[in-house]
1. Only residues in the stretch 541-565 that are free of Cβ contacts under 8 Å to residues at least 40 places away in the same chain count as the first member; pair them with residues that are among the basic types (Lys, Arg), Cβ under 9 angstrom, at least 6 apart or cross-chain, and list the lot.
2. When the residues of the stretch 533-543 are narrowed to those that are assigned to a loop (DSSP other than H, G, I, E, B) and open to solvent by less than 40 Å² (accessible area, probe 1.4 Å), which ends up farthest from Asp448 (Cα to Cα)?
3. Which condition number in (1) within 16 Å of the ligand (Cβ to nearest atom); (2) assigned to a loop (DSSP other than H, G, I, E, B) is the one that Gly426 fails?
4. When Ala417 is evaluated against the numbered criteria (1) within 15 Å of the ligand (Cβ to nearest atom); (2) outside any loop (DSSP other than H, G, I, E, B), which criterion, by number, is the only one it fails?
5. Would you mind telling me which numbered condition in (1) within 12 Å of the ligand (Cβ to nearest atom); (2) in contact with a Gly (Cβ under 8 Å, 6 or more places away or on another chain) Val562 fails?
6. Which of the residues spanning the stretch 458-483 are charged (D, E, K, R) and buried (at least 16 other Cβ atoms within 10 Å of the Cβ)?
7. Sort out for me the helices (runs of 4 or more DSSP H) sitting completely within the stretch 1-112 that have 3 or more residues that are more than 30 Å from the chain's Cα centre (by Cα), outside the structural domain of Ala258 (by TED's automatic domain parsing) and surrounded by fewer than 17 Cβ atoms within 10 Å (Cβ to Cβ).
8. I'd like to know if the stretch 660-671 contains one or more residues that are in a helix (DSSP H, G or I), in contact with a Gly (Cβ under 6 Å, 6 or more places away or on another chain), in the same structural domain as Glu609 (by TED's automatic domain parsing) and away from the ligand (no atom under 13 Å from the Cβ).
Amino acid sequence: MNLSLSEDQAMLADEFRKFFGDLSSMERVRKAEEEGGFDRELWQAIGEMGALAMRLPGEDGFGTFDAGLVAFEAGRQLVSGPLIEGMLASRLLAQLQAPDELLERASTGDAVVTLALAEASSGPQIVPGGAIADAVLVLDGAQVKLARPSERASPENLAGQPIVSIDFSECELENLEGSNDARSLFLAALEEWKLLTAAHLTGMGLRALELAGDYAKEREQFGRPIATFQAIAHPLADMASEMTGSDMLWRWAITEIAQGGEQSTAAAPMAYWFAAQASSQAVYRAQHTFGGYGLALEYDIQLYVRRARAVAAVLGDPRDQLIVAGKRLWLDETSPLPEVGSAQVEFGYGEEAVAFAEETRTFFQKELTQEYRDNAHFSYDGHDWDLNKKMGKARLLFPSWPIEHGGRGLDDLATAAALQVWEDEGVTSHSQYVSNLVGHSIIHFGSDELKADIVPRLADGEIISCLGFSEPHSGSDVFAAKTKARQADDGSGDWIIDGQKMWTSGANLAHHVFLLARTDHEAPKHRGMTVFLVPLDDPGVEIHPVHTFQDERTNATFYENVRVPDSYRIGPVNGGLEVMGFALTIEQGGGGFVGPHRHAVEAAVEWAEEAGRIVEPRVLERIAAAATRNRASYLLYWRALHLKAEGGDRAAGPMSKLYGSESLLKDAVDLFELAAPDTLIRGKHGAQRLEHEMRHASVTTVYGGTSEVHRSQVAEAFFGLPKSR
Ligand SMILES: Cc1cc2nc3c(=O)[nH]c(=O)nc-3n(C[C@H](O)[C@H](O)[C@H](O)COP(=O)(O)OP(=O)(O)OC[C@H]3O[C@@H](n4cnc5c(N)ncnc54)[C@H](O)[C@@H]3O)c2cc1C
């Protein structure tokens with residue numbers, strides 16, 4: 001996986017950010033709006049920069065990804081002119097061997113050539129850039145034709161754009177004879193239009209959020225910055241997650257097409273719909289952050305609202321693209337695709353990680369009995385000691401641990417890729433997840449005794465760990481824990497632990513609990529805590545089951561006079577904050593939920609196919625929306641893993657967890673309703689599986705930290721907003 005831009009790509013993006021920043025200031029955007037939505041001087045400068053020639057076919061041409069970076073930057077600055085249509089029209093003119101003079105003028109910014117998004121025969125249609133175009137390319141059956149409509153003015157419109165309605169049946173149309181595959185080339189260009197427009201809308205949405213974040217830091221009400229109100233900060237965090245997902249989706253869609261991936265024909269409509277809906281929500285939320293001022297014409301934010309909504313409407317209802325995507329995903333429809341060139345970024349886990357994951361899959365396929373599969377459960381309840389030990393022996397449990405500690409010395413991507421296989425095969429990964437985190441923490445902070453005694457037994461699969469952070473009165477506020485540890489006064493150095501933990505999942509199976517306890521009552525809250533490894537077979541420990549709505553057993557655990565040696569302390573005395581911080585970065589959140597989300601989509605498809613309803617547009621639309629959000633979830637998860645390996649980004653992990661769990665919940669509920677009433681009955685397949693996924697989804701927005709806690713983290717790290725507890 002490599003999601004970083006290449007040096008050339010980064011330079012291209014920087015260059016255009018500066019260029020559009022200089023030449024498409026908000027003053028010029030406003031002036032262009034007043035004059036029909038077109039800035040001719042800017043257009044010529046864009047031509048001189050080579051942007052309109054970027055997609056000319058040929059060896060030296062730029063790829064769609066590069067064009068996407070330019071479209072993104074143009075979106076940030078609300079460029080006044082049909083840039084994307086112009087780029088693609090130049091490409092088509094070259095492919096269709098249009099007159100050289102027109103091609104030359106179109107690709108250098110001397111003329112404006114645009115595209116009609118619907119067929120010539122479809123009656124009057126709104127053409128982007130049509131009001132200022134010297135020529136329009138339009139699809140007419142098997143041919144692409146050129147219209148040179150006479151002078152016309154754009155009607156007053158939402159974003160002051162140079163759009164106009166043209167009825168091509170009333171225009172003289174010139175044939176472009178250059179290719180006998182003209183229709184395919186034009187349809188491929190329309191797919192590319194969706195990809196570039198997705199990038200463009202993403203630029204707009206993200207820039208609008210930046211403006212809102214900056215305003216929230218400055219604007220005061222009730223004596224403090226409005227950013228300190230969660231009602232302001234949290235929706236911005238949600239939108240930042242959506243828009244970052246959108247940014248990943250257009251990039252992924254291009255690579256998917258480049259590689260001929262499984263979803264390549266659906267990728268462009270998926271990315272387009274996602275960007276259209278996400279940017280519409282983001283600009284609305286950004287505008288609302290400005291209160292009344294968001295509506296005042298002097299404020300730039302309303303320019304973003306109008307432009308984003310206008311761009312997302314020009315192709316018609318964006319949700320139609322979900323139906324298009326659904327037909328391509330599940331009804332074998334297809335479409336010509338653009339030659340996108342090389343994207344250079346790489347999604348997915350990478351060869352080494354995939355090879356490890358495949359080894360895991362082969363192991364499961366050999367070892368999983370029918371009995372195991374029948375009793376499989378997503379939680380600790382599905383834990384199987386025999387399987388765990390066999391996995392330990394095969395060194396399949398903790399690939400990212402060093403070899404000398406029983407791992408494979410691989411990176412986090414191997415763990416992530418393998419966990420998708422666990423998910424596919426229905427094997428619970430709860431104990432792996434927790435034991436991985438505990439083992440890493442011991443290797444990093446633990447005593448030699450723990451490294452010698454506990455780590456090898458975890459690696460061999462003989463024991464597992466559980467977590468003891470939450471208490472009856474402290475969940476989100478984890479450092480308010482009251483469980484205490486004091487050093488015994490007999491000079492042994494041992495610690496005596498007293499207190500109660502709540503939600504100690506897996507304590508009924510685990511050998512020890514990774515427990516957070518207060519060791520200094522005088523110190524500030526976050527500075528007086530220490531982490532211990534507490535063996536659960538101590539007579540002072542009591543474990544009481546707690547059963548939950550999603551069929552997951554967890555526990556309340558009680559500790560009375562439990563004595564642990566000092567060597568069972570993890571990290572320094574009162575160093576709990578550091579240990580917890582390290583432990584929480586082991587897994588950069590959210591990855592655990594992409595699998596259930598995918599299962600919900602698969603179950604809905606299974607139901608729709610069996611019920612003969614997969615052909616219904618409403619059904620396709622809703623399942624495709626869920627599949628697209630699930631894709632965005634994967635991408636945010638991969639992004640978090642990538643950024644962690646690159647040295648970290650504090651927003652990426654919480655963003656992945658937040659988006660992953662909230663979008664799972666949204667879709668699990670929606671698909672439950674779509675397939676109702678069959679979803680009322682419990683079972684393992686189709687609609688019946690959706691009953692379970694719907695109940696399971698609820699807990700994903702709670703454990704590992706609730707969505708509110710993650711929203712605060714995203715607001716702080718992404719926007720630099722102050723704490724909003
Ligand atoms: C099935 C299950 C298994 C679990 N397993 C474990 C485990 O193995 N080990 C472990 O230590 N814990 C575990 N947990 C606990 C889990 O981490 C907590 O439930 C979670 O952190 C929330 O704490 P709480 O339940 O006390 O809710 P609270 O923190 O009381 O929150 C109640 C509500 O208030 C909101 N809220 C709280 N603080 C804020 C704030 N600052 N701003 C805005 N809203 C806020 C929350 O978002 C939530 O909606 C598990 C929980 C469940 C349900």
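The values are calculated or read from the model by the stated rules, or taken from the named source; none is laboratory data. Remember, it's a predicted structure, so these values are computed and weren't measured experimentally. Here the Cβ is made from the backbone with ideal geometry for all residues, glycine too, and neighbour counts use every protein chain on show. We work out accessible area using only protein heavy atoms, side chains counted, and drop any ligands, DNA or RNA first. Shrake-Rupley method; radii C 1.70, N 1.55, O 1.52, S 1.80 Å.
1. Here the result reads Pro545/Arg553; His547/Arg553, each pair linking the stretch 541-565 to a residue that is among the basic types (Lys, Arg).
2. Gly540
3. The one condition Gly426 does not meet is (1).
4. Failing condition for Ala417: (1).
5. Status for Val562: all satisfied but (1).
6. Across the stretch 458-483, the qualifying residues are Asp460, Glu471.
7. Those helices (runs of 4 or more DSSP H) span 26-34, 40-49, 100-108.
8. Pass one, the stretch 660-671, residues in a helix (DSSP H, G or I): 660-671.
Those left that are additionally in contact with a Gly (Cβ under 6 Å, 6 or more places away or on another chain): 660.
Within this subset, residues satisfying the condition of being in the same structural domain as Glu609 (by TED's automatic domain parsing) are 660.
If we keep only those that are away from the ligand (no atom under 13 Å from the Cβ) as well, we get 660.
Checking the stretch 660-671: at least one residue is in a helix (DSSP H, G or I), in contact with a Gly (Cβ under 6 Å, 6 or more places away or on another chain), in the same structural domain as Glu609 (by TED's automatic domain parsing) and away from the ligand (no atom under 13 Å from the Cβ).
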